[in-house]
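Q: Have a look at the structure that comes next, please.
The values are calculated or read from the model by the stated rules, or taken from the named source; none is laboratory data. Only a predicted model underlies this, so the values are computations on that prediction, with no experimental measurement involved. For neighbour counting, all protein chains shown are included, and Cβ atoms are generated from backbone atoms with ideal geometry for every residue, glycine included.
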Amino acid sequence: MRETRQKLIELLGEYPKSNNITAQLIKTEKRKNYILESLILQLNEEESVPAYFAKPINQKEPLATVIFNHSHGGNFDQGKEELLESSSYLQSPPFVEAITDLGFAVGSIDMWGFNERKGKLESELVKEMLLEGRALWGMRIFDNISFLDYLVKRPDVDKSRIATIGMSMGGLMSWWLAALDERIKVTVDIAAQVHIETLKQKRGLDHHGYYYYVPGFLKQFSTLLVQSLIAPRYRLSLTGKDDRMCPIEGAILLEEQLGTIYESFHAKDNWEGCIVTGGHQETKEMRKRWESFLQKHL
């Protein structure tokens with residue numbers, strides 16, 4: 001597994017990781033049931049990374065902590081604000097309230113090209129990084145790995161109880177991050193069970209932005225191989241049966257194959273692949289399922 005992870009990291013391209021990850025606290029706010037920190041992080045050597053960290057009030061520390069990965073949706077103004085404000089395809093209350101109400105802390109960053117980092121168009125970032133032998137998807141993943149490096153050094157974070165969650169692009173980030181970093185104990189992805197081979201076969205590649213495509217990926221890897229790196233750790237994958245961005249045939253195939261892989265680890269109950277009513281969205285049923293999953297396993 002270690003060798004496979006290393007090869008995958010190499011495929012994602014070079015990353016100018018900061019030699020000294022630092023954090024500047026911009027503001028602390030006391031909200032309804034949680035404390036919110038606005039931060040500027042130095043995760044890489046190219047640009048600073050705006051972030052949020054929220055924790056419930058009057059909870060014993062250190063806290064189990066969730067990395068929330070924001071979605072894409074073509075809404076480059078939003079980014080990490082999705083943690084606080086939600087989106088039309090997400091349930092209420094926003095994730096910051098839902099997660100802190102469970103007694104967990106939660107953190108989120110603006111990914112490259114979003115919100116406070118949207119100085120360059122995503123299309124420009126893709127081209128620029130390809131010219132430099134990098135992949136935008138890799139750069140976004142590596143930032144989140146560095147964000148995890150920062151989180152586990154915080155005294156109020158329980159580094160043995162880290163989860164990651166997100167929808168759509170955020171869900172893709174969840175399972176990629178967990179595959180590459182064993183510090184993730186629990187993974188939840190919503191509307192992101194994309195079997196890239198099925199997507200290609202069904203001519204659905206244009207349903208996803210250019211950011212997601214990594215040169216040479218299918219020559220050396222497969223969707224299943226990446227996701228198998230999460231086993232035997234806890235994972236919940238929630239897919240709407242009518243989600244065109246996650247072809248149902250691919251989701252079913254992954255559910256079956258991952259079930260076999262988890263069984264080989266004698267950890268069958270650690271994997272839940274749920275195909276439920278809905279499209280490319282978080283439904284009320286999905287919200288209830290992931291809240292229960294985090295409560296049980298984190």
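Q: Filter the stretch 13-30 down to residues that are at pLDDT below 95 and not polar (S, T, N, Q), then give me how many there are.
A: Qualifying residue count, the stretch 13-30: 5.
Q: Here is a follow-up. Could you figure out which of (1) outside any strand (DSSP E or B); (2) touching an Asp or Glu at 6+ places or on another chain (Cβ under 9 Å); (3) exposed (fewer than 13 other Cβ atoms within 10 Å of the Cβ) isn't true of Glu3?
A: It is condition (2) that Glu3 fails.
Q: I'd like the residue in the stretch 214-231 that is outside any helix (DSSP H, G or I) and surrounded by fewer than 16 Cβ atoms within 10 Å (Cβ to Cβ) and, out of all such residues, is nearest to the chain's Cα centre (by Cα).
A: Ser222
Q: Something else now. Mind telling me which of the residues Leu236, Leu254 ends up being among the aliphatic types (A, V, I, L, M), farther than 30 Å from Glu128 by Cβ and either in a loop (DSSP other than H, G, I, E, B) or touching a His at 6+ places or on another chain (Cβ under 6 Å) (or both)?
A: Going through Leu236, Leu254 in turn, the sole match is Leu254.
Q: Can I ask one more? In this structure, does Thr28 turn out to be touching a residue at least 60 places away in the same chain (Cβ under 8 Å), outside any loop (DSSP other than H, G, I, E, B) and more than 19 Å from Phe142 (Cβ to Cβ)?
A: So Thr28 does not fit the description; no.
Q: Arg183 passes all but one of (1) under 23 Å from Val214 (Cα atoms); (2) surrounded by fewer than 22 Cβ atoms within 10 Å (Cβ to Cβ); (3) of a type in the set (Lys, Arg); which number fails?
A: With respect to (1) under 23 Å from Val214 (Cα atoms); (2) surrounded by fewer than 22 Cβ atoms within 10 Å (Cβ to Cβ); (3) of a type in the set (Lys, Arg), Arg183 is out only on (1).
Q: Could you tell me which of the residues Ser71, Ser87 is within 18 Å of the chain's Cα centre (by Cα), at pLDDT below 95, assigned to a loop (DSSP other than H, G, I, E, B) and surrounded by 14 or more Cβ atoms within 10 Å (Cβ to Cβ)?
A: Ser87
Q: How many residues are in a loop (DSSP other than H, G, I, E, B), free of Cβ contacts under 8 Å to residues at least 40 places away in the same chain and of a type outside the set (Lys, Arg) when one looks only at the stretch 147-192?
A: Selection size over the stretch 147-192: 2.
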